[in-house]
Amino acid sequence: MTFTEAKFENAVIEVFRDTLGYSYVYAPDLARDYSDPLYTDELLPALRRVNPKLPEAALSEAIYKLRNFEGGTFHQKNVQFMDYLQNGVSVNYFHDGEQRSSLVYLVDYENVERNTFTVANQWTITENSEKRPDIIVFLNGLPVVVFELKSPSREETDASEAFLQLRNYMHEIPSLFVYNAFLVMSDLAISKAGTITAGEDRFMEWKTKDGSYENTQYAQFDTFIEGMFDKVRLLDIIKNFICFSGDAKILGAYHQYFAVRKAAASTAHATETDGKGGVFWHTQGSGKTLSMVFYAHLLQEALNSPTIVVLTDRNDLDDQLFGQFAKCSAFLRQTPQQAESRVNLKELLAGRQANGIIFTTMQKFEESSEALSDRRNIIVMADEAHRGQYGLEERVDAKTGRVILGTARIIRDSLPNATYIGFTGTPISSKDRSTIEVFGNYIDIYDMTQAVEDGATRPVYYESRVIHLKLDDDILRLIDAEYDIMAQNAEDYAIEKSKKELGQMESILGAEQTIAGLCDDIIKHYEENRQYELTGKAMIVAYSRAIAMGIYRRLLELRPEWTDKVGVVMTESNKDPEEWRGIIGNKRRRDEMAKKFKDNDDPLKIAIVVDMWLTGFDVPSLATMYVYKPMSGHNLMQAIARVNRVYKDKEGGLVVDYVGIASALKQAMNDYTNRDKNNYGDTDIAKTALPKFIEKLEVCRSLFHGFEYSAFMTTESDLVRAKTITGGVNFLSGTDSEKQRESFIKEAMLLRQALSLCRSLLTAEQRFEAAYFEAVRTLLTRITGEGKPLSLKEINARINELLKASIQSEGVINLFSDVDTGFSLFDPKFLEEIAKMKERNIAVEILKKLLAEQVSLYRRTNLVKSEKFSEMLSRAMKSYLNGMLSNEEVIAELMKMAKDMANAQAEGDSLGLSDEELAFYDALTRPEAVKDVYQNEELVAMTRELADMLRKNRTIDWQKKESARAGMRRMVKKLLKKYKYPPEGMEDAIATVIGQCEMWTDN
């Protein structure tokens, strides 16, 4: 049974009404002002219930402010509205003859039952045009959530229709979105929520009702609705998990919501007991920093305004984290501060008994040993809470006999009564006891596997190219020794011992011929495999500052035109050679570089870094990292996570290794969850993507059995390539190859995904063959897929771009060389050229798609023509698919249809009727006998009068109201009687006219 959009809408309403206890209203039954997005019948009574002690004057003033925002875009108004929704509306009013001021709350967050929760469907709004969103959730009369539903998924490759529809509504009825908390799009299989500023890839599923990650792979739509819209939870999400970060409006994802709630509870318990709040491990890239913001916000209420100290171990991280909190200061309702020194930190803590969010680095604690504050209501949030610095035990320096305290001990002594919570993107090492001593056990674990499954991050793959540097065995042994040293957690004596060896490392990795070999290989790898991957952004991690400069210079010697394409990002030092200054610049220049690297269209594509940007720096489209620096443990895992961010159809990030990090990667994975070890313990592309590519290449070859396409790989001629591509599409478009075609589209897509990761391991033949299959897949989906209108020009451009990227082809292919006129179904010359195409199956597909597009245009304007042509088209295609028509015959049928359509188009012009009038004319003359009863001018006059009468009497939503429909029917009947319309055709004609009238209203 087909599950239509209307049935799906009813199923969603049922969950709201019957499971969650919301009121339900069918909007066309309400008498309301269609230009008003608020549900006014509910608004004032709700405000009275929520603010029982305030007079009407205060409530009226609040409603006035809700309806009259200061100027600005709907986005700016939404910022103001969210403040009202979360914190109340401040009003001034007169009461008993004196002026007073007060806060009017729009929602009672404490007493859920005082609020009104209503779900409505078919709620029409008229603004720039008339639109009717599928479902709106009203909270106290405010339209806080808009649902857009689509009939359960058709296979579509482009942006989902629901998302585009929501975007369209924002242009056409922006006032509705002023009052929006978040949006939902769903097609039964997948339901996702996002905000008015979110791109489609940032809409996320809500996969659990209770916070367990058990059944999250295939979440049902009712799990989504019950998970987010349980009344208590919806209020909690609106108040505590939606914030603005700069211009972006952020909605907490389900993993953030449940983990932050657990963290707040665990902290509350720790303040009463041992001060160990626990460790919050959410894999890098899954929004840990924003979780910290939500947590800090939640604590203010949960713990009665504590002072929060945010601790990092590096200045640049302190700045990054501080920057994120500063962007959210309106949500946090206070401005975070950065401590400049230990003395300043002490002043900041002493100057208050509550509140405050203070950022500091660990080093400031080491400057002295006296206590900074003995208050209990201080919460220390440590970012990356496990980097070895947290030793609790004392050590004696063998040389001097001095007692050295572990940093964790110093921090504990400085704030003896504080509560400590650790946030981390990588797991705590099993050897590391001190982190647990300081913070306690894990509060919540959101591992790589879950994050990838939820679409919160992408997997990271690995490719070794050490061999390309031709390093000898002694050097490789030295590099291994460096990993051993790192593994000892950098104890002082180890560092002393290793200085000599590291000196040797610097001279080996920095040797001129080694850097030359490295740069040759990076350029080859990047130009042949990565520069067209997404936006072409890549990062090179250099062993040292001097080596970073060496790589930069060598790249520019080899590619002098790359001056805007490559940059170096590292801190400056007074000892730097003069000529470095212009290249590195100062902090302002680094901030400028960060902005350019984050801008997908900026020419800066390759950043050479040493330490900076390897933690906490986000560029979603970055997909490639070249590693020329031994790293291990969490430092390594954090660095490679730069390429795991979600961006469009990114398959994963690729880390290209020049210093043998493979065993360090395996070692680092030891502390991850078992399923992470199974899924991501070894992501070498030679063992993952390459076998997958070879398997899919075989499958695509077998689907092409019987078609000779080798010319594509051997020719230099663009014409031959074009003909081989169209020939392949033609081969898969025959009547007997529908299953084969569907199978090919799916398998070629999987081939493309594997190719995007392992292109560098392939032979030229394999690359060309994959490019051929991808070109065929693209053309097939564009010609046969629903959704996008067909444009030969756009298809040509797309395929040329694809071949340029995949096989560096500089030529220009024209896939439709037989067709050189404009591209219109109503152009006889175009039809002739299509009829002459050698690829007969493609000709059928192009005609079928163009006719189907025209039928769907009629579906919006002309009921009679749409039914007539739709029937003709499906009859012709059915006969063709059943083998009753050859492709010659079906082409002739389709050409005849195209001509009939062109004539039908001309008919209205000859009668002097507009499109809308012609549609009513068709409705009236549908019964064959009618034309015998009247002269043509009588029919035209009757049509005009009918169209005019219906136009004048179409009220908003008339087609949704039984009484209004009945009134329209009576009017039509009266008019037809006046013109003595044949009684036997009367009922049919009325039904068709009313159907036609509804169609005009809906479109």
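The values are calculated or read from the model by the stated rules, or taken from the named source; none is laboratory data. Predicted model, so just to flag it, every value in this text is computed and none were measured. Cβ: placed from backbone, ideal geometry, glycine included. Neighbour counts: every protein chain shown.
Name the one entry in Leu176, Leu183 that is in a strand (DSSP E or B) and either exposed (fewer than 15 other Cβ atoms within 10 Å of the Cβ) or modelled with pLDDT of 95 or more (or both).
Details: Leu176 fails: in a strand (DSSP E or B).
That would be Leu183, the only listed residue that is in a strand (DSSP E or B) and either exposed (fewer than 15 other Cβ atoms within 10 Å of the Cβ) or modelled with pLDDT of 95 or more (or both).
For Arg951, indicate whether it is loosely packed, with under 15 Cβ neighbours inside 10 Å, touching a helix residue (DSSP H, G or I) at 6+ places or on another chain (Cβ under 9 Å) and not in a loop (DSSP other than H, G, I, E, B).
Numbers: loosely packed, with under 15 Cβ neighbours inside 10 Å: yes; touching a helix residue (DSSP H, G or I) at 6+ places or on another chain (Cβ under 9 Å): yes; not in a loop (DSSP other than H, G, I, E, B): yes.
Judged against the criteria, Arg951 is a match.
Looking only at segment 131-148, filter to residues that are farther than 18 Å from Glu172 by Cβ and in a strand (DSSP E or B); which one of those is nearest to the chain's Cα centre (by Cα)? Give the derivation first.
Residues of segment 131-148 that are farther than 18 Å from Glu172 by Cβ, as a first pass: 137-142, 144-145.
With in a strand (DSSP E or B) added as a condition, the list becomes 137-139, 142, 144-145.
On the way: Val137: 23, Phe138: 26, Leu139: 27, Leu142: 27, Val144: 21, Val145: 19 Å.
Per the stated criteria, the residue is Val145.
Give the residue, chosen from Thr73, Thr2, that is under 27 Å from Lys249 (Cα atoms) and at pLDDT below 95.
Residue meeting the stated conditions: Thr73.
What's the number of the condition Tyr84 fails, among (1) touching a Lys or Arg at 6+ places or on another chain (Cβ under 8 Å); (2) in a helix (DSSP H, G or I); (3) in contact (Cβ under 8 Å) with a residue 40 or more places away in the chain; (4) crowded, with 16+ Cβ neighbours inside 10 Å?
(3)
Which one is nearest to the chain's Cα centre (by Cα), of the residues in segment 91-130 that are assigned to a strand (DSSP E or B) and charged (D, E, K, R)? Talk me through it step by step, then tell me what you get.
Within segment 91-130, the subset assigned to a strand (DSSP E or B) is 91-95, 98-104, 117-121, 125-126, 130.
Then keep just the ones that are charged (D, E, K, R); that gives 98, 100, 130.
Working: Glu98: 52, Arg100: 46, Glu130: 28 Å.
For segment 91-130, the residue satisfying everything is Glu130.
From the list Asp591, Asp576, Asp601, Asp564, which one is touching a Pro at 6+ places or on another chain (Cβ under 7 Å) and more than 30 Å from Ala668 (Cβ to Cβ)? Can you show your working first?
Numbers: Asp591 fails: touching a Pro at 6+ places or on another chain (Cβ under 7 Å); Asp576 fails: touching a Pro at 6+ places or on another chain (Cβ under 7 Å); Asp601 fails: touching a Pro at 6+ places or on another chain (Cβ under 7 Å).
Of the residues listed, the single one that is touching a Pro at 6+ places or on another chain (Cβ under 7 Å) and more than 30 Å from Ala668 (Cβ to Cβ) is Asp564.
Identify the single condition in (1) in contact with a Ser or Thr (Cβ under 8 Å, 6 or more places away or on another chain); (2) surrounded by fewer than 19 Cβ atoms within 10 Å (Cβ to Cβ) that Gln334 does not satisfy, given that it satisfies every other one.
The number of the failed condition is (1).
Mind telling me which of the residues Ala929, Ala989, Ala941, Ala966 ends up being touching a Pro at 6+ places or on another chain (Cβ under 8 Å), surrounded by fewer than 14 Cβ atoms within 10 Å (Cβ to Cβ) and more than 30 Å from Phe830 (Cα to Cα)?
Numbers: Ala989 fails: surrounded by fewer than 14 Cβ atoms within 10 Å (Cβ to Cβ); Ala941 fails: touching a Pro at 6+ places or on another chain (Cβ under 8 Å); Ala966 fails: touching a Pro at 6+ places or on another chain (Cβ under 8 Å).
Ala929 is the lone residue from the list that is touching a Pro at 6+ places or on another chain (Cβ under 8 Å), surrounded by fewer than 14 Cβ atoms within 10 Å (Cβ to Cβ) and more than 30 Å from Phe830 (Cα to Cα).
Out of Tyr628, Tyr680, Tyr647, I need the residue that is in contact with a helix residue (DSSP H, G or I) (Cβ under 8 Å, 6 or more places away or on another chain) and either outside the structural domain of Met612 (by TED's automatic domain parsing) or among the basic types (Lys, Arg) (or both). Which one?
Details: Tyr628 fails: either outside the structural domain of Met612 (by TED's automatic domain parsing) or among the basic types (Lys, Arg) (or both); Tyr647 fails: either outside the structural domain of Met612 (by TED's automatic domain parsing) or among the basic types (Lys, Arg) (or both).
None of the others qualify; the one that does is Tyr680.
Quick grid of which residues meet (1) at pLDDT 95 or above; (2) at positive phi:
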position: Glu214; (1), (2): no, no
position: Gln217; (1), (2): no, no
position: Asp222; (1), (2): no, no
position: Met228; (1), (2): yes, no
position: Lys231; (1), (2): yes, no
position: Leu234; (1), (2): yes, no
position: Ile238; (1), (2): yes, no
position: Gly246; (1), (2): no, yes
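Give the number of residues within segment 704-732 that are in contact with a Ser or Thr (Cβ under 7 Å, 6 or more places away or on another chain) and closer than 22 Å to Lys849 by Cβ.
1
So if I check each of Val144, Val119, which one is of a type outside the set (Phe, Trp, Tyr), surrounded by 16 or more Cβ atoms within 10 Å (Cβ to Cβ) and under 20 Å from Phe74 (Cβ atoms)?
Matching residue, one of Val144, Val119: Val144.
Let me spell it out: the conditions are (1) within 30 Å of Gln80 (Cα to Cα); (2) not in a helix (DSSP H, G or I), and Phe331 meets all of them except one. Which number is the exception?
(2)
Residue check: is Phe744 at pLDDT 90 or above, assigned to a helix (DSSP H, G or I) and crowded, with 21+ Cβ neighbours inside 10 Å? Full working, then the answer.
Details: at pLDDT 90 or above: yes; assigned to a helix (DSSP H, G or I): yes; crowded, with 21+ Cβ neighbours inside 10 Å: yes.
So Phe744 passes the test.
Just to verify a result, which residue in segment 526-544, among those that are outside any loop (DSSP other than H, G, I, E, B) and at pLDDT 95 or above, is nearest to Gln808 (Cα to Cα)?
For segment 526-544, the residue satisfying everything is Tyr526.
I'd like to know if segment 531-543 contains one or more residues that are surrounded by 15 or more Cβ atoms within 10 Å (Cβ to Cβ), farther than 26 Å from Leu757 by Cβ and in contact with a helix residue (DSSP H, G or I) (Cβ under 7 Å, 6 or more places away or on another chain).
no
Yes or no, residue by residue, for (1) over 26 Å from Asp618 (Cβ atoms); (2) aliphatic (A, V, I, L, M):
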position	(1), (2)
Leu534	no, yes
Ala538	no, yes
Ala548	no, yes
Lys565	no, no
Thr571	no, no
Asn574	yes, no
Arg589	no, no
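Let me confirm something: among Leu873, Leu850, Leu913, Leu894, which residue is of a type in the set (A, V, I, L, M), outside any helix (DSSP H, G or I) and out of contact with any Gly (no Cβ under 7 Å at 6 or more places or on another chain)?
Numbers: Leu873 fails: outside any helix (DSSP H, G or I); Leu850 fails: outside any helix (DSSP H, G or I); Leu894 fails: outside any helix (DSSP H, G or I).
Of Leu873, Leu850, Leu913, Leu894, the one residue that is of a type in the set (A, V, I, L, M), outside any helix (DSSP H, G or I) and out of contact with any Gly (no Cβ under 7 Å at 6 or more places or on another chain) is Leu913.
Considering only residues that are touching a residue at least 24 places away in the same chain (Cβ under 8 Å) and surrounded by 13 or more Cβ atoms within 10 Å (Cβ to Cβ), look in segment 88-99 and name the one that is nearest to Leu142 (Cα to Cα).
Filtering first and then ranking leaves Val89.
Taking the condition out of contact with any Phe, Trp or Tyr (no Cβ under 8 Å at 6 or more places or on another chain), in a helix (DSSP H, G or I), of a type outside the set (S, T, N, Q) and surrounded by 14 or more Cβ atoms within 10 Å (Cβ to Cβ), does Tyr858 pass?
Working: out of contact with any Phe, Trp or Tyr (no Cβ under 8 Å at 6 or more places or on another chain): no; in a helix (DSSP H, G or I): yes; of a type outside the set (S, T, N, Q): yes; surrounded by 14 or more Cβ atoms within 10 Å (Cβ to Cβ): yes.
So Tyr858 does not fit the description; no.
Test Leu780 against the criterion of being of a type in the set (A, V, I, L, M) and modelled with pLDDT of 90 or more, and give yes or no.
no
For Trp958, work out the one condition from (1) more than 21 Å from Lys865 (Cα to Cα); (2) of a type outside the set (Gly, Ala, Ser); (3) surrounded by fewer than 14 Cβ atoms within 10 Å (Cβ to Cβ) it doesn't fulfil.
So the condition that Trp958 fails would be (3).
Kindly provide the set of residues from segment 556-573 that are assigned to a loop (DSSP other than H, G, I, E, B), loosely packed, with under 15 Cβ neighbours inside 10 Å and not charged (D, E, K, R), ordered by number.
Thr563, Ser573 - these are the residues of segment 556-573 that are assigned to a loop (DSSP other than H, G, I, E, B), loosely packed, with under 15 Cβ neighbours inside 10 Å and not charged (D, E, K, R).
Out of (1) at pLDDT below 85; (2) over 24 Å from Met999 (Cβ atoms); (3) more than 45 Å from the chain's Cα centre (by Cα), the odd one out for Leu881 is which?
Of the numbered conditions (1) at pLDDT below 85; (2) over 24 Å from Met999 (Cβ atoms); (3) more than 45 Å from the chain's Cα centre (by Cα), the odd one out for Leu881 is (3).
Return yes or no: is Lys65 part of a helix (DSSP H, G or I) and either of a type outside the set (Phe, Trp, Tyr) or modelled with pLDDT under 95 (or both)? So that I can check it myself, show each step before the final result.
Numbers: part of a helix (DSSP H, G or I): yes; either of a type outside the set (Phe, Trp, Tyr) or modelled with pLDDT under 95 (or both): yes.
In short, yes.
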